[in-house]
Amino acid sequence: MNKIIVAIDGFSSCGKSTMAKELAHEVGYIYVDSGAMYRAVSLFCIQNGWITDSGINRDELEKNIASIQIEFKPNAEGNSETYLNGQNVEKEIRSLEVANGASRVSTFGFVRSELVRQQQLMGEKKGIVMDGRDIGTVVFPAAELKIFLTASPEIRAQRRLDEMKAKGEIANYEEVLANVKERDERDQNRAESPLRKADDAVVIDNSYLTREEQNNLLRTLFNERTFL
Ligand code: DC
């Protein structure tokens, strides 16, 4: 069976990572969460005091971008976790503060070009499932299978809220919904690589799909592309 590249793009909180991870696990491919890389850059800025309410210290980030080393290593259960300069930051990068910073640092061209370069290296040998915002349009424009995953903002906000509650975090639906919409707006309207569907991507709206239905659909598409 020939190895392919699977690019999964879409809005935040659509379940891209879950979908990508499950496919990678099932078919024995590498899984890369490109959003985790933007989140790691955001965390690095927060740790250095470069993100404040009044903005981001772009100059310091640009000067130090080469000193940010991001890696993925499997944990004891075989799930990939994110490391920033040798430290496991998988938990820290999932906070709302880091997510908001990620949405901001991802608007800088110099951040994008560095992370895209690293992502392309990871996919050199194919056999990879990567999820993000620009995977099918910029990182791997020749990917054999491109998915554009979407769901309504209200459904995504509810899913995010359920996830936060399960972790014991206190949150309010209106606040989470506003945050989802704010990030959508920024992801779609930034000058650098805005989120958009690649012309040859398959759109999956999972607002009313079960996880099983979604995975079956993805697996069918994957089989079609690998048996070509
Ligand atoms: O998918 P996520 O929520 O973990 O992504 C965090 C932020 O990073 C999000 O605001 C969009 C940005 N991002 C990006 O610009 N390009 C990617 N390939 C992945 C994420």
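Starting from the stretch 127-217, pick out the trypsin sites (Lys or Arg not before Pro) whose DSSP state is loop and whose Cβ has at most 14 other Cβ atoms within 10 Å.
167
Taking every C-alpha pair closer than 8 Å and separated by at least 6 residues, the mean separation divided by the residue count of the chain gives a relative contact order of 34 percent. Spin-label model, residue 169/residue 47: points 7 Å from Cα along the beta carbon direction are separated by 1.9 nm.
With 30 Å as the limit on Cα-Cα distance, the pairs of 126/181; 16/165; 21/181 that go past it are 126/181.
Starting from the Cα gyration tensor of the stretch 71-113, take the square roots of the eigenvalues, sort them a ≥ b ≥ c, and report rounded, prolate or oblate (rounded when a/c is under 1.5, otherwise prolate if a/b is larger than b/c, else oblate).
prolate
Hey, how many Å between the Cα centroid of the stretch 188-228 and the Cα centroid of the stretch 107-126? Between the Cα centre of the stretch 188-228 and that of the stretch 107-126, the gap is 21 Å.
The distance between label points at residue 226 and residue 155 comes to 2.7 nm (points 7 Å beyond Cα on the Cα→Cβ vector).
Is the shape of the stretch 74-228 best called rounded, prolate or oblate, per the rule: a/c under 1.5 gives rounded, else a/b larger than b/c gives prolate, else oblate, with a ≥ b ≥ c the square roots of the Cα gyration tensor eigenvalues? Before the final figure, lay out each step's value.
Working: a/c = 1.35, a/b = 1.18, b/c = 1.14.
In terms of gyration-tensor shape, rounded.
DSSP assigns beta bridges within the chain; of those with both partners inside it, close to 35 percent run antiparallel. Each Lys and Arg contributes +1 and each Asp and Glu -1, all at the Cβ; summed about the Cα centre of the chain, the dipole is approximately 340 debye.
How do 173, 208, 38 line up, fewest other C-beta atoms within 10 Å first?
Working: 173 12, 208 9, 38 25.
Ascending Cβ contact count within 10 Å gives the list 208, 173, 38.
Dividing the summed helix terms, -39500 (n - 2.57) for each DSSP H run of n ≥ 4, by the number of residues in the chain produces a 222 nm estimate of -14500 deg cm²/dmol to the nearest 500.
Readers should treat all values here as calculations from the given coordinates under stated rules, not as data from a laboratory. In this text the structure is predicted, and so the values were computed from the model without any measurement. All Cβ positions, even for glycine, are placed from backbone atoms using ideal geometry, and neighbour counts span all protein chains on display.
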